[in-house]
Every structure is written in structure tokens, then in C-alpha cells.
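Working notes, structure below.
Nothing in this text is a laboratory measurement; each read-out follows from the coordinates by a stated rule. Owing to the predicted nature of the structure, the values given are computational and were not obtained by experimental measurement.
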Amino acid sequence: MPGNTVLINNYKDLEWYVGDSKIEELIEWLKINGKKIEATVKQLKMNDFDKWLEDLIFPREVDDFIEVLYDGGQGEGDGYFEVKKRISFYTDNNKYTITAIECGIGNGYLGCGVSARKPRAGEDWKRGNDLPDGPFTSETLEQIKNGIIAYELEQLSVRKPQDPMEEEILWWY
């Protein structure tokens, strides 16, 4: 099927395939919405992201818990500027990776992924999932934090009693 690869914010890891039948519609949508930034959404800067990490780890030191995989800038000129940062941190069972891209134009990008630190019994691969992503905003940071917490939660193994009398009986065991 013929199509097009669309590069988002000139970032090689953000490529989308768009079929020929939809490319004209995408181009029109980008002309109208491409450079709009909602006034109610606070656009973040990389130092806001760094502060969020400090608050997440407080009162401990960020360097003791966060592994910086990439920290750098690229692409100055013609009103375009981009700063990228990719970090990882670990829990007993999972590795979380957050990618932050601050752009001089547009909304930037913030996304999170998780991968298991070891395979399940009988499997020779490690499972993983995408967690929330979106524009580089404080709302996306909050969604990522909530996604991490939800991913780490363990289901209760104790069943809840259905009637008050059963609750009284279970209390004595």
C-alpha cells in the first residue's frame, strides 16, 4: 500500500506512516492546527522536567535513582530549537524510560515506556508497555506519574466479605 513516512518535530524516533488517502487531510489539519498552543496549558522547559524529577525523588538525590541516557540539544536556526533528554529509573520488577523533547516551536513531546527487568517463566523475552505520552506539559507529567503508580500497584489477594455477618466471622480468624 503506497504511503508516506511523517517525521514529527524532526525527531527520528517519532515517525508515523500515513497512507496516501489521508496525507492531504493531514496536511490541511497541520496548516490549521500545527502551530497552535493552548493558552491554558503550561508549556514546560527542561528545567521544569528536572524539578519534577527532584520532587519525585525528594528528599533523596536524583543522581542516586535516575540514570540519564541522553541529555543534549539539536537543531538551532530558523526559529527552531530542540532539547532532548531520556532518563531511566528502576523498581524491583520494571525499568521505566521517559523521553522529554523541548521545542522552540510546537508542543514538544513527553512520553514514558516500561519494560520488565526479567522474563516470565517459560518466556525468553521481557514484556513491556507504553505508558502515557503527549505534549511537553505538566498535565502529561501528571499522567505519566499516575501511569507509573497504576502499573506498579498489586491486586489485593484477600477477598472482601459480601455481608456484615461474614465480616464478623472473618475478623476472628
Mean projected area, convex hull of alpha-carbon positions in the range 46-152, reported to one decimal in nm², is 7.6
Cross-link list Lys51/Lys126; Lys84/Lys145; Lys45/Lys118; Lys85/Lys145: which exceed 29 angstrom alpha carbon to alpha carbon?
-> Lys51/Lys126; Lys45/Lys118
